[in-house]
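Coordinate-derived values only; no laboratory data. Not measured: the values here are computed from a predicted model. Every residue, glycine among them, receives a Cβ derived from its backbone with ideal geometry; neighbour counts consider all protein chains shown.
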Amino acid sequence: MKPIRIADQARLGLRRVCRITADGIRYRLFRASVTVAVIAVAVAFLMNILSESLIKRAVARAARTQLARARLAHEWVFRLSSPGTLETMLRELAGTAPGAPLAAEARRMGALDAREMARLRDAAVSGARYLDFFAGLDHARRRRLVRTAEGTAILDRLAAPGGVDAFTAALRGTRSVRFVDPPERLAAFAAEWPAARALAERVRAGRERAIAAVNAHLEDQTLLQGLADADGRFGDVLRNAGFAFPPPTAAATAERARRLLDVQRTEAALDCRPLRQLIARRYDLLPGDVNAARLWEFLAAAPDAAAFIAAMAAAGGQADGLTPQRLTALAREWQVNLQLERAERLTVQMAAARGLGERMAWLLLVSLLVCGIGISNAMLMTVTERFREIATLKCLGARDGIIMVIFVLESCFLGVVGGLIGAATGALLGTSRMLVAFGALFAEAVPLAQLLTGAALAVVVGIALAAVAAVYPAFRAARLAPMEAMRVE
Amino acid sequence: MRDTVQAEPQDRGTPDSVASSDHRQSTVNPASSDRPVIIRTVSLKKHYVRNGVVTEALRGVDVAVFGGEFISIMGPSGSGKSTFFNMIGALDRPSSGRVFIDEVDVAQLTAEELAYLRCHRIGYIFQTYNLIQYMTALENVTTPMAFGGLMPDQARERGMHLLELVGLKDRWTHRPIEMSGGQQQRVAIARSLSNRPTILLCDEPTANLDLHTGQEILDILQRLNRSERVTVVCATHDHRTMDMCDRLMWIRDGRLERLARREEVRVKVGSIE
């Protein structure tokens, strides 16, 4: 009989522990795969939301720049028809850097000196922020704070005698509304506003004069027709009138304007009966049902476009200068614009929001929560149903630490596998959905690096959640006396 | 704590005082008193609380088990037999009272030292075998050796030797699910012996087995007790155990009802007097 001597238990090498863990997983492959599936679904959900929002954001950015280019001619037609309201002018000034061409243009038109310009710009920045604040209020609160005033009239109200006091009093009585600036700043702005407003009016009057000067040069042409010559004489007219219209912009604008004129000419053919009939025959429609979409669909093929031009000439339309190549190119562009506009509609929230956007951030948070609860539940189940095994291992002399390591290792392993599967599935689902929604536009805008980062993040989240979720029950199980653990069923 | 451990070999020289104090409670052990006491309990109590209901499982048990003896714990189910077994095996915490294993108070040990005690000094055999399902017979036997710090190849060699001892050498690759109850219990015995324990604790080792297989298991236990001088404590319903044990202990309603040497108990067919 040997004496009993008690010492500290030996420590097990990591390789042995890994083997025990791997054996355990292999034996309970079905159970493990269910856990992996739960983790995968949770991570896929997370990744899907993430990839969709990333792609949407990239597409929104791409669509916005492309559309801005496509709308260049429209924009200039607009700018050359009206000086705009004071409010749009304020926002425009607030959004441009002090030295930008647009700021210089404003300064030129209002004949402002540097000090006046700086003054106007400061007022514009504050004013635009205040207007944003009022635009964000609901009807009742807005009515209470500023009555029925709209746009810069709100600022006028504030600047009127007693306006700020009345406003702060009303603000105090309105629950859950915080003004964007402290009262002193608002008071300072209100004092400044009448002068700034006068400056803005000067700029506006200057702009009005410039517009009149440009329009005097047009004679009987439309603005669009004039802009078609923007890279030539008409561009000089604009620059002489004081507009910031550098030659590159002029060239692009002229090109867009010419296209638009061709589009208008082509679409005007829809008023011509023989041409309508030509298209209606092709699509087996009544002539009255032919619309612009059909027209451009018809013009997508060069032979059809040639036939169209011939028919147009025969019907006495203005077909001069139109070639089949030109028409098919326009038809292609028509389709692209359709897609761009669709993308713009779909991503309207993304474009407005900074960062990921409120909705996406909320969705991400919820999906993270779902992910966390799902994984915790799966791990809790796995550990709880193995209490008996834990108790047995403890009877055999396993240290508490080893049991912890076994379970955390196992859950990490499941987390890695589930996370990878989930991230791949989620990214695939998200991308394919976006591919369907945005088509060709998506292909050039896909943010691959961001997607990979997102996937890595999702995998890490999966592993971390799995490990954390396993630690608590494993810790509890390891700490229990063996028989107490066996009693827990 | 460390002091107690180191002082402990000297303490082993005075088991007589312990045995004599024990003598008052257990009336029948004059023949055994020259042997060292290996397990001793002092007014051991345990109650369970479940849903606010307190169940008294042990109401104060004082017993001494001597080194190298084979002792049977008898008693009807619900008598506290298994609870007592768990207490002396350091598998559960007493509500009050003390358990000394070779004069070391189990309650004083840290988690690490408890793990060492369970690994090296005590072998457990359960009614439900409690083999690790995903390990082969050999892996089940060698796992405690791994915990005990034995090198894998040595562990393998010793594991095969132990499986041979219980007659399962050719089935070392089988998993528990591929073996019969008797075979599983034999693997469990081999496992319990893996780190050469001083004490073998058996909780109804034959309850789930048929008569013949149960006899085989008991034979193995008896052989171990006789040849290796392993102390065997066996909680059982099986009357055959009485035939081979040195002492018998009856527990009823959480109290020690009777403690007797085998010679003093007359065994009749089907009943005991």
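For the protein assembly as shown, what number of Lys pairs, 8 or more residues apart or on separate chains, have alpha-carbon atoms under 27 Å from each other?
Working: A:Lys2/A:Lys394; A:Lys394/B:Lys45; A:Lys394/B:Lys46; A:Lys394/B:Lys81; A:Lys394/B:Lys169; B:Lys45/B:Lys81; B:Lys46/B:Lys81; B:Lys81/B:Lys268.
Lysine pairs satisfying the spacing and distance rule in the protein assembly as shown number 8.
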### Task
Can you tell me the 0 to 90 degree angle between the C-alpha axis of helix A:273-283 and the longest principal axis of chain A, rounded to 10?
20
### Task
Apply the Karplus parameterisation 6.51 cos²θ - 1.76 cosθ + 1.60, with θ equal to phi minus 60°, to every residue of the range A:324-341 and state each ³J(HN,Hα) to the nearest whole Hz, in sequence, with x for glycine and proline.
x, 4, 4, 5, 5, 4, 4, 5, 4, 5, 4, 5, 4, 4, 4, 5, 4, 5
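Given axes a ≥ b ≥ c from the Cα gyration tensor, I'd like to know whether the range B:102-261 is rounded (a/c under 1.5), prolate (a/b larger than b/c) or oblate.
On the way: a/c = 1.87, a/b = 1.22, b/c = 1.54.
Oblate, because a/c is 1.5 or more while a/b does not exceed b/c.
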### Task
Indicate the gyration tensor shape class of the range A:49-205 (rounded, prolate or oblate), computed on the Cα atoms with a ≥ b ≥ c the square roots of the eigenvalues: a/c under 1.5 is rounded; otherwise a/b larger than b/c is prolate and the rest oblate.
oblate
### Query
How high is the FRET efficiency from B:Met242 to B:Asp210, r the C-beta distance, R0 25 Å, rounded to 0.05?
0.85
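Please sort by residue number the GluC sites (Glu not before Pro) in the range B:82-161 whose DSSP state is loop and whose Cβ has at most 13 other Cβ atoms within 10 Å. Could you put the intermediate results ahead of the total?
Working: sites: B:Glu103, B:Glu112, B:Glu113, B:Glu139, B:Glu157; in loops: B:Glu103.
Within the range B:82-161, no GluC sites (Glu not before Pro) qualify (loop, at most 13 other Cβ atoms within 10 Å).
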### Summary
Residues of the range A:312-337 with backbone N under 14 Å of the label point set 7 Å from the Cα of A:Ala300 along Cα→Cβ are A:328-337
### Task
Be a star and scan the range B:82-99 for residues whose amide nitrogen sits under 17 Å from the point 7 Å along the Cα-to-Cβ vector of B:Ser43.
B:94-99
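Using alpha-carbon pairs under 8 Å, 6+ residues apart, how would you state the relative contact order of chain A in percent? Before the final figure, lay out the partial values.
Numbers: 532 pairs, mean separation 149.2, N = 489.
Once divided by the residue count of chain A, the mean separation gives 31 percent.
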### Task
At q = 0.12, 0.15 Å⁻¹, work out log10 I(q)/I(0) for the range A:65-140 with the Debye formula, treating every Cα as an identical point scatterer and leaving solvent out; two decimals please.
-0.42, -0.64
### Query
So for the range B:139-196, what are the equivalent ellipsoid semi-axes in whole Å, largest first, each being the square root of 5 times an eigenvalue of the Cα gyration tensor?
18, 10, 10
### Message
Once you compute Rg and the Kirkwood Rh from C-alpha atoms, what is the Rg to Rh ratio for the range A:386-489?
### Response
1.27
### Projected label distance in nm at B:Arg223 and A:Val366, using a 7 Å step from Cα toward the beta-carbon
6.8
### Summary
Plugging the Cβ-Cβ distance of A:Asp271 and A:Ala440 into 1/(1 + (r/R0)^6) at R0 = 45 Å yields, to the nearest 0.05, a FRET efficiency of 0.90
### Percent breakdown of C-alpha pair distances by 10 Å bin, ordered from the shortest bin, for the range A:262-315
26, 66, 8
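Given an 8 Å cut-off on Cα distances and at least 6 residues of separation, report the relative contact order of the range A:374-489 as a percent. Spell out each step's value before the answer.
Details: 99 pairs, mean separation 65.2, N = 116.
About 56 percent, as a whole number.
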### Percent of C-alpha pairs per 10 Å bin, the range A:247-398, short to long
9, 23, 17, 11, 10, 9, 7, 6, 5, 2, 0
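Cα convex hull of chain A: how many Å³ per residue? Don't skip to the end; give the middle numbers.
Details: hull volume 135.4 nm³, N = 489.
It comes to 277 Å³ per residue, whole-number rounded.
Taking R0 as 60 Å, what's the FRET efficiency between B:Asp253 and A:Ser176 from their Cβ-Cβ distance, rounded to 0.05? The partial results should precede the final answer.
Working: r = 69 Å, r/R0 = 1.14.
Efficiency computed from Cβ-Cβ geometry: 0.30.
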### Query
What nm distance separates the two modelled labels at A:Glu92 and A:Leu428, each placed 7 Å from Cα along Cα→Cβ?
5.2
### Summary
So, with points 7 Å from each Cα along the Cβ direction, the A:Arg209-A:Thr323 label distance in nm works out to 4.6
### Query
Can you run phi through the Karplus equation (6.51, -1.76, 1.60; θ = phi - 60°) for the range A:235-242 and list ³J(HN,Hα) in whole Hz, with x for Gly and Pro?
x, 4, 4, 4, 5, 5, 6, x
### Task
Take the alpha carbon gyration tensor of the range A:166-270, find the square roots of its eigenvalues, order them as a ≥ b ≥ c, and report rounded if a/c is under 1.5; if not, report prolate when a/b exceeds b/c, else oblate.
prolate
### Task
Quick one: order A:Thr328, B:Thr83 by neighbouring beta-carbon count within 10 Å, fewest to most.
A:Thr328, B:Thr83
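Which residues make up the longest stretch of chain A that has no trypsin sites (Lys or Arg not before Pro) in a DSSP loop with at most 10 other Cβ atoms within 10 Å? It would help to have the intermediate numbers written out before the result.
Values: sites that count: A:Arg175, A:Arg178, A:Arg354.
Of all site-free stretches, the longest is A:179-353.
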